[in-house]
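Worksheet: the structure to be examined is printed underneath.
The values are calculated or read from the model by the stated rules, or taken from the named source; none is laboratory data. Quick caveat, the model's predicted, so the values are computed rather than measured. Reconstructed Cβ throughout: ideal geometry from the backbone, glycine too, with neighbour counts over all protein chains shown. The protein model used for the area step is the full one, side chains on, heavy atoms only, and it has no ligands, DNA or RNA in it. Shrake-Rupley method; radii C 1.70, N 1.55, O 1.52, S 1.80 Å.
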Amino acid sequence: MKGKNVLLLLSILIATGYFILQVISIGSREIPTTYWASKEEGSTIEVRISPKMFIKDFFIYFGYGDGKVDIQFLNDNSVIFQQSVQSAFFQGKVILVNNVVDKVLIVTHGNGLEIREIAAKKDDKQFIDFSKAEIVILKGFKYLGNPYNLVDEQAKMRSIVSYRYSSYFDEIYHARTAYELLKGLPPYDLVHPPLGKWLISVGMAVWGVNPFGWRIVNLIFGSIALVLILILFTKLHKPSFWCGIAIIILMASDFLHNSLSRTANLDTFSLFFILLCSIFGMSYISSILKRKKNYLKRI
């Protein structure tokens, strides 16, 4: 019994260490917070760059909403390059331009699509300062936010396409639906039961709508699962002390568990509740067998 308690205590310490190591890099809270969102189809906004500059990469960071934008790059009033970009929930997109540009036209398709920030690089390292650019609304005068919100948080665009600052994989569905549940909006994802998305929304409510906020609850549940796997294993078998430690370390270092613990998904919650149900089920069966054994002894 004493050995079991020591093993359980060590498993809690390993799970705590796992949480601390992961929480440092699961995501940032420093993402663009202000936005401009058109309320009319085909709204057009012009960003005037003076003097004209060579743009290597152009970045755009979307917030909430559906739709796409057509982005045109002009030099001396001639379109030299254009591209359509589909929005995604709190995600940064990059366009390879490689041209000298003096104007950027952004045409929105969709109602209420949030554009949180735009930025550009002149080479692999150096960003262009858009904060002093002139911004003009050419079409569509019904919108939310200030147009200059597009260029007011330039420092936050340095690594915006990294997973630490943008939604990743199925987060565009699950984190988005969690956000909608939190805000009382119609949920986007109706495929799965809502419990996991409600749990994700708790992180957003406490730490804000950002990658850290929508991933932290998954990491908490993934860390606790390390302890639960040991408890379940001790109910199924009677492992030695070092065997028990090896089980926890193997799971903590498993790439799949590592990845799922760091993203806003539903699989981590499924694992947690499956382990919990299995532990309770084993405890219930053990108690029945114990009562039956005691009863047989009495007769």
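Over every pair of different alpha-carbon atoms in the chain, take the mean of 1/r and invert it; report that Kirkwood radius in Å. Working shown, then result.
Numbers: mean 1/r = 0.0453 Å⁻¹.
By the Kirkwood definition, the hydrodynamic radius is 22.1 Å.
For region 208-299, take every pair of Cα atoms, bin their distances at 5 Å starting from 0, and report each bin as a whole percent.
2, 13, 18, 17, 15, 11, 8, 6, 4, 3, 1, 1, 0
Over 24 Å between C-alpha atoms is what I'm after, so list which of Lys121/Lys183; Lys4/Lys197; Lys197/Lys235; Lys52/Lys142; Lys68/Lys142 land there. Can you show the working numbers first?
On the way: Lys121/Lys183 35 Å; Lys4/Lys197 35 Å; Lys197/Lys235 31 Å; Lys52/Lys142 29 Å; Lys68/Lys142 17 Å.
Those over the limit are Lys121/Lys183; Lys4/Lys197; Lys197/Lys235; Lys52/Lys142.
Could you order Asp152, Asp76 by accessible surface area, starting with the largest, using a probe radius of 1.4 Å? Display every interim value, and only then the final one.
Values: Asp152 75, Asp76 100 Å².
Result of the area sort, largest leading: Asp76, Asp152.
Multiply the residue separation of Met53 and Ile274 by 0.36 nm, subtract the distance between their alpha-carbon atoms, and state the gained length in nm to one decimal. Kindly include the intermediate steps, with their values, before the conclusion.
Values: separation 221, 0.36 × 221 = 79.56 nm, distance 5.66 nm.
Gain on stretching Met53 to Ile274: 73.9 nm.
Could you pull out every one of the aspartates and glutamates with an alpha carbon less than 18 Å from that of Lys39, ignoring same-chain neighbours closer than 8 positions?
Asp66, Asp70, Glu114, Glu117
Determine by what factor the alpha-carbon radius of gyration of region 6-125 differs from 2.2 N^0.38 Å, reporting the quotient.
Values: Rg = 20.2 Å, N = 120, 2.2 N^0.38 = 13.6 Å.
Its radius of gyration relative to the 2.2 N^0.38 Å reference: 1.49.
Lys122: which aspartates and glutamates have alpha carbons under 17 Å from its alpha carbon, excluding same-chain residues fewer than 8 sequence positions away?
Filter leaves Asp57, Asp102.
How many Å² of accessible area per residue for the chain, probe 1.4 Å?
Working: 15530 Å² over 299 residues.
Per-residue value: 52 Å².
Provide Trp214, Trp207 ordered by accessible surface of protein heavy atoms (probe 1.4 Å), highest first. Present the calculation step by step, with values, prior to reporting the outcome.
Values: Trp214 0, Trp207 85 Å².
Order by accessible area, largest first: Trp207, Trp214.
Looking only at Cα atoms, what is the convex hull volume of region 147-237 per residue, in Å³? Don't jump to the answer; show the numbers that get you there.
On the way: hull volume 13.2 nm³, N = 91.
Cα-based convex hull of region 147-237, divided per residue, equals 145 Å³.
What is the Cα coordinate range of region 123-186 on the first, second and third principal axes, sorted by size from largest, in whole angstrom?
37, 35, 16
Return the carbon/sulfur percentage of the accessible area of the chain, one whole number, probe 1.4 Å, all protein chains in place. Each step should come with its number before you reach the end.
Details: 9670 of 15530 Å².
C and S fraction of accessible area: 62 percent.
Starting from the 7 Å offset along Cα-to-Cβ, what nm value, one decimal, do you get for the label separation of Leu13 and Phe233?
Reported label-point gap for Leu13 and Phe233 is 1.7 nm.
Would any residue of region 50-70 have its amide N under 16 Å from a label point 7 Å out along Cα→Cβ of Ser84? List them or say none.
66-70
Cut-off 16 Å, label point 7 angstrom out along Cα-to-Cβ of Asn5: give me the residues of region 225-251 whose amide nitrogen falls inside.
none
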